[in-house]
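Remarks on the structure that follows.
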Amino acid sequence: MDLSVVIPIYNEEANIALLYERLRAVVEGMALPGGYEFIFVNDGSRDQSMALLRLLASRDERVRYLDFSRNFGHQIAVTAGLDGAQGAAVVIIDADLQDPPELIPELYQKLHQGYEVVYAKRRSRRGESRAKQLTAKLFYRLLAQITHISIPVDTGDFRIISQKVVAALRQMPEQNKFIRGQISWIGYRQACVEYDRTERAGGATGYTYRKMLGLALDGITAFSDVPLRVATISGFTVSGVAFLVMLYTLYARFISHDFQPGWASLMISILFLGGVQLIAVGVIGEYIARLSANVRQRPLYIVSETNIAPPPSPEASA
Ligand code: UDP
Ligand code: MG
C-alpha cells in the first residue's frame, strides 16, 4: 500500500463528510498504483462522528476506523492511527480542514525526493484567537531555545512520514506523546513545505486551554531538562543572596548594633523563599508525574471497535 492518511476525530460531525470528499478527490487524483487507506481514529467523540465513520466504512472499503473507549487526547489518537497504518508513507492531518488535503500530493512528491519526513509549516494562521496564536508562537520559540533537537517552529502534526519513521515511532513507548518532537528526535532527512492555515470548516476546537497546556508541558518535559536546571540555578542564586543577607544581619546585630525590628524583611524573605521552593518542587513534580505514568505501563489507549484486522494491540506501542 502506498499511502495511509491518519485522521484523529473528536466531535467532528460537521466536517467528516466534506473532509472525506476532499481527501478522496485529492488521493484518487494521485493515481497511486499500490492503493491507499484512510484511518479515522475516533477519540471518544460525544456527537454523531462515529456513526458517520461507520457509514463511510460501509460504503468505502478503504476507510478504516478505530473507536476509542473514551477521549484519550489528540496525540494518542494519532499514535493509534500510526500503529494501524500499513502505507509506505503516512500522512497525519487534522479533521477540521485547517490542514488542506490539497497539499498532500506536494508532500508526497517531496518525500520521494529523498526525505523521510516532510512537514507542513504554517506560513500564516487564520480564524484562531489572538491569544492562541500568541501562546503558540511563544511556545514554539521557547521550546526551540531549551531543547537540543531542532523541533521546527510553527509546525503542527500535519506532515508525511515514511514507513521507517513510523517504525521508529512504534518503538517509542512514552505515555506522554509529543509526536512532532519525537519525529525531530528520530532524525533522518527532513524537509518542509509551507502553507496557509485556514479556519475550521465547522464545529468547535477540541483543544481546551487545559489540553494545550498539557501538550506544552509534555513537549518540554520530554525533550528538555532545562526547567530542572533553572530550578537548581535559581536555588543556588537565592541561597547565595540569602547567605549575604545573613552575613549582613550578623554584622548589624553584633558589630554596628544598628538593627531594626525587621518584620518586613523577614516576611519578604520567607514569602520569596517559599515561592521559589514551591516553583522548584512543582517543576520536579511535572517530571515525576510523567515518570510514574511510564512506570505504570498501562496501554496507551483502549479500542472499543475497529474494522482494522487484526486490531492493532496497544501493547505494540506501549
Ligand atoms: N482532537 C482529538 N482529540 C482531542 C482534541 C482534538 O482527536 O481531544 C482532534 C480533532 O478532531 C482534530 C485535531 O485533533 O482533528 C486537532 O484538533 P483541533 O482542531 O480542535 O485543534 P486546534 O486546531 O484548535 O489546535
Ligand atoms: Mg483545528
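A short reminder: the numbers here are calculations on the coordinates, not readings from a lab. Keep in mind the model is a prediction, meaning the values are calculated, not measured. Quick reminder, even Gly has a Cβ in these numbers, built from the backbone with ideal geometry, and neighbours come from all protein chains shown.
See the values below:
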item: Between the stretch 1-31 and the stretch 186-265, the Cα center-to-center distance that results, in Å; result: 41 Å
item: Residue-span extension gain [Tyr251 to Phe272] - 0.36 nm each, minus C-alpha spacing; result: 5.3 nm
item: The chain: DSSP helices with Cα axial extent of at least 18 Å and average Kyte-Doolittle hydropathy no lower than 1.0; result: 226-250, 263-296
item: More than 19 angstrom apart: percent of Cα pairs within the stretch 226-283; result: 40 percent
item: Per-residue Cβ neighbour rank within 10 angstrom, fewest leading, Val78, Val165; result: Val165, Val78
item: Residues His112, His148, His74, sorted so that the one with the fewest Cβ neighbours within 10 Å comes first; result: His148, His112, His74
item: Label-to-label distance, nm, for residues given as Glu305 and Arg54 (7 Å Cα→Cβ offset); result: 0.3 nm
item: Equivalent ellipsoid semi-axes, the stretch 36-195, via Cα gyration tensor eigenvalues times 5, rooted, Å; result: 25, 20, 17
item: Percentage relative contact order, the stretch 187-318, counting C-alpha pairs under 8 Å, at least six apart; result: 24 percent
item: Order of Thr79, Thr135 - criterion: other Cβ atoms within 10 Å of each residue's Cβ, fewest first; result: Thr135, Thr79
item: Length-normalised contact order for the stretch 41-80 - Cα pairs under 8 Å, 6+ apart - percent; result: 58 percent
item: Cα Rg, Dmax, the chain, angstrom units; result: 24.5, 91
item: Cβ-based net charge around Leu217, under 9 Å, with every Lys or Arg adding one and every Asp or Glu removing one; result: -1
item: The chain: relative contact order in percent, alpha carbon pairs under 8 Å with at least 6 residues between; result: 23 percent
